[in-house]
Amino acid sequence: MATERDPGSVAEGRPGRDGRGDPIWRMVDLLRPVDRWPAEELFQTLVERGGVRVERIVSTGQVSPEGGCYDQAWDEWVVLLSGEAVIEFMDGAGRVVLRPGQAVFIPAHCRHRVAWTPPDVQSIWLAVHFPASASAE
């Protein structure tokens, strides 16, 4: 519940625009579930600047195709905000079980796949993609 001291997720006013015509500020409720459960994962780009892309992903039981995997030319840091997920790394590199609040860094060209998300829960991810050369150990 929003109060005067704790406004919750209330945003007031209309943001101005920057030189590109984009809003100066934008509020997003990362934990808001989707109304209709999508047949495919839902990808929502929240911001993209200077080679960095931040996206919100909602999974409802989807997994990477059997035998398929991601082999990205960029680094990725992903945190699971709600739900559960299993990421499997190829070539015997193991797997991680993610629960809310847990994150994993996936370097460029580290082949991986989403092996499981629960079909009865909306698993919400926040993914940050950035150039491999910008990686920090």
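So the values come out like this:
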quantity: Length-normalised contact order of segment 42-134 in % [C-alpha pairs under 8 Å, at least 6 apart]; calculated: 41 percent
quantity: Cα centroid of segment 46-62 to Cα centroid of segment 69-121, whole Å; calculated: 14 Å
quantity: Choice from ALA115, ALA93, ALA85 with maximal GNM fluctuation in the chain (Cα, 10 Å cutoff); calculated: ALA93
quantity: Longest site-free stretch - the chain; sites: trypsin sites (Lys or Arg not before Pro), DSSP loop, at most 10 other Cβ within 10 Å; calculated: 37-137
quantity: Which of VAL28, TRP77, ILE106, positive extreme of dipole for the chain (C-beta unit charges); calculated: VAL28
quantity: For TYR70, distant residues with modelled amide H under 5 Å away; calculated: HIS112, ARG113
quantity: J(HN,Hα) series, segment 16-30, from Karplus relation 6.51 cos²θ - 1.76 cosθ + 1.60, nearest Hz, glycine and proline x; calculated: x, 10, 8, x, 8, x, 7, x, 5, 9, 8, 9, 10, 8, 5
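Values in this text are rule-based calculations from the coordinates and carry no lab data. On a predicted model such as this, the values are computed, not experimentally measured, just so you know. Quick reminder, even Gly has a Cβ in these numbers, built from the backbone with ideal geometry, and neighbours come from all protein chains shown.
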